[in-house]
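Have a look at the structure below, then the notes.
Readers should treat all values here as calculations from the given coordinates under stated rules, not as data from a laboratory. This structure is a prediction, so every number in the text was calculated from the model and none was measured. Backbone-built Cβ (ideal geometry, glycine too); neighbour counts: all protein chains shown.
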């Protein structure tokens, strides 16, 4: 059962109402995570602004979704695994095997593999990566700006994982559980 309730349109501030209208126009619905964030227009707006900014970055939606899956798996966030599995498949064209491998921080593409491994090091080391960790992702072909984007994607996803795990947000996507990690085919 949810620990934080979703907020309904008629209960929100004018600012949150505006944000909900924008989400509805863009997605066709307001997902439960955003309805729960709607208790604070500052939280919802911050989430939306960083998400929008990163969508314009150079990493692309596919890698962004793969990072989200790896981080969500590490943090055992079923809500985010569910959302990003659907988004990754439908909007970024990620295959089922790629989805499963991304959750494990793996990819057949060495460059993507390096980004996913760096993202997981950020999570596991709580941001305290070393020179070698950064060197490896740059050596794989990422610019310093792209390294910054990977860090930002990890930060955004840690935020949503912690938010949803704390709120125990009701999953409104086809459910994917961190505890059910099938073996991907490489």
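Some points to look at:
- Potential lengthening between residue 133 and residue 89 on full extension [0.36 nm per residue; Cα-Cα distance subtracted]: 12.9 nm
- Relative to the longest principal axis of the Cα atoms of the chain, the long axis of helix 110-124 lies at roughly 60 degrees.
- A straight line joining the Cα centroids of region 87-115 and region 1-67 runs 24 Å.
- Protection proxy ranking, peptides 167-174, 148-155, average beta carbon neighbours within 10 Å, highest first: 148-155, 167-174
- Note: region 77-148, Cα convex hull, 101 Å³ per residue.
- Taking label points 7 Å from Cα along the Cα-to-Cβ direction, residue 175 and residue 11 give a separation of 2.3 nm.
- Between helix 60-74 and the chain: long-axis angle, C-alpha atoms, 0 to 90°, nearest 10: 90
- Angle in degrees between helix 41-55 and the longest Cα principal axis of the chain, rounded to the nearest 10: 40
- CD proxy at 222 nm, helix term only [per DSSP H run n ≥ 4: -39500 (n - 2.57); per residue of the chain; nearest 500]: -21000 deg cm²/dmol
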